[in-house]
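Data first, discussion second: the structure below is written as structure tokens.
The values are calculated or read from the model by the stated rules, or taken from the named source; none is laboratory data. Please read all numbers here as calculations on a predicted model, not as lab measurements. As a convention, Cβ positions derive from the backbone with ideal geometry for all residues, glycine included, and neighbour counts pool all protein chains shown.
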Amino acid sequence: MFKLFSSKPSSESKPSAAGNTPTGGKPASDGKPSYDDFTGKSQVHSDPDENEDVKLVRGTVYIALFDTRSSKVYHWGLLVATNDRTGMLYHNTNEGAGYMFKAHYRPHILNSQSLLALVEISVLDLDHKGISQLFAQTIRSVPVGEHRCKTWMFEALWELSQTGLLGCNINEWTQMDALEVECVDHVRSVRKGESAMIGHSRYYGD
């Protein structure tokens, strides 16, 4: 699981705009989130019967995509499953005062009506306290800067893979573009009214 790759070349481009728009995630002029912006509050809309046929696997790390009420914009985060319906969600979110990192313990996250897809990317040994703590420290250290949710999530995933905390098969930054397209394709395969889907990335590694 502990693999070390070369550092990200500074000349590499960031993930493309697929699954995001130039204005997605920017606050409205009154300081409140725009209509298609994701906020933590949008996730409180839950239904205990939502996604009944979907199960998480403890310790699995997922790229999570959520509905923002826009067909072209998704909210992105990393989810670490703690049981078959619960997990820790790590994301960069804007609740009206600008973007900031948040780590949410999400009991029954599968009840979220905004959850669209979860893409398995790696696993984390939750029974190894040192690894879990280092994971949390590393992801918290990824700067928000000018990032919105998607680009921050890919930066976090890169750092976690390069330090060897996640064993995903990513050793070049350009692979992030292909991973992004793969995730968006999973979302687009979900038909209206269907349960959120769980996909397995071709870059998965344990």
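Of all residues in the range 64-91, those that are charged (D, E, K, R) have Cβ atoms under 6 Å from Cβ atoms of residues that are at pLDDT below 95 and part of a strand (DSSP E or B), 6 or more apart or on another chain, in 67/116. Only a single item in (1) within 19 Å of residue 87 (Cα to Cα); (2) at pLDDT below 95; (3) crowded, with 19+ Cβ neighbours inside 10 Å is not met by residue 157, and it is number (2).
I want to confirm something. Restricting to the range 98-142 and keeping residues that are touching a Lys or Arg at 6+ places or on another chain (Cβ under 7 Å) and in a loop (DSSP other than H, G, I, E, B), which single residue is nearest to residue 53 (Cα to Cα)? Here the answer is 108.
The residues of the range 149-171 that are among the charged types (D, E, K, R) and touching a residue at least 24 places away in the same chain (Cβ under 8 Å) amount to a single one, 150. Residues in the range 60-77 include none that are out of contact with any strand residue (DSSP E or B) (no Cβ under 9 Å at 6 or more places or on another chain), surrounded by fewer than 23 Cβ atoms within 10 Å (Cβ to Cβ) and either acidic (Asp, Glu) or more than 26 Å from residue 189 (Cβ to Cβ) (or both). For the range 186-206, a residue qualifies if it is surrounded by fewer than 14 Cβ atoms within 10 Å (Cβ to Cβ) and assigned to a helix (DSSP H, G or I), and exactly one does: 188.
Of the residues making up the range 57-77, not a single one is assigned to a strand (DSSP E or B), more than 19 Å from residue 157 (Cβ to Cβ) and in contact with a Pro (Cβ under 8 Å, 6 or more places away or on another chain).
Evaluating residue 148 against the criteria (1) among the basic types (Lys, Arg); (2) touching a Gly at 6+ places or on another chain (Cβ under 7 Å); (3) surrounded by fewer than 16 Cβ atoms within 10 Å (Cβ to Cβ) leaves one unmet condition, (3). Against the condition of a type in the set (Gly, Ala, Ser) and more than 19 Å from residue 122 (Cα to Cα), how does residue 201 come out, does it pass? Here the answer is no, as residue 201 does not meet what is asked. Only a single criterion out of (1) modelled with pLDDT of 90 or more; (2) not in a loop (DSSP other than H, G, I, E, B) is not satisfied by residue 85, namely (2). Screening residue 120 on (1) exposed (fewer than 15 other Cβ atoms within 10 Å of the Cβ); (2) in contact with a Ser or Thr (Cβ under 8 Å, 6 or more places away or on another chain) shows it passes everything except condition (1). In the set (1) assigned to a strand (DSSP E or B); (2) in contact with a helix residue (DSSP H, G or I) (Cβ under 7 Å, 6 or more places away or on another chain); (3) surrounded by 18 or more Cβ atoms within 10 Å (Cβ to Cβ), residue 170 fails one condition alone, (1). Pairing residues of the range 176-192 that are closer than 13 Å to residue 153 by Cβ with residues that are among the hydroxyl-bearing types (Ser, Thr, Tyr) and surrounded by 16 or more Cβ atoms within 10 Å (Cβ to Cβ), at Cβ distances under 6 Å and at least 6 apart in sequence or on separate chains, gives 179/203.
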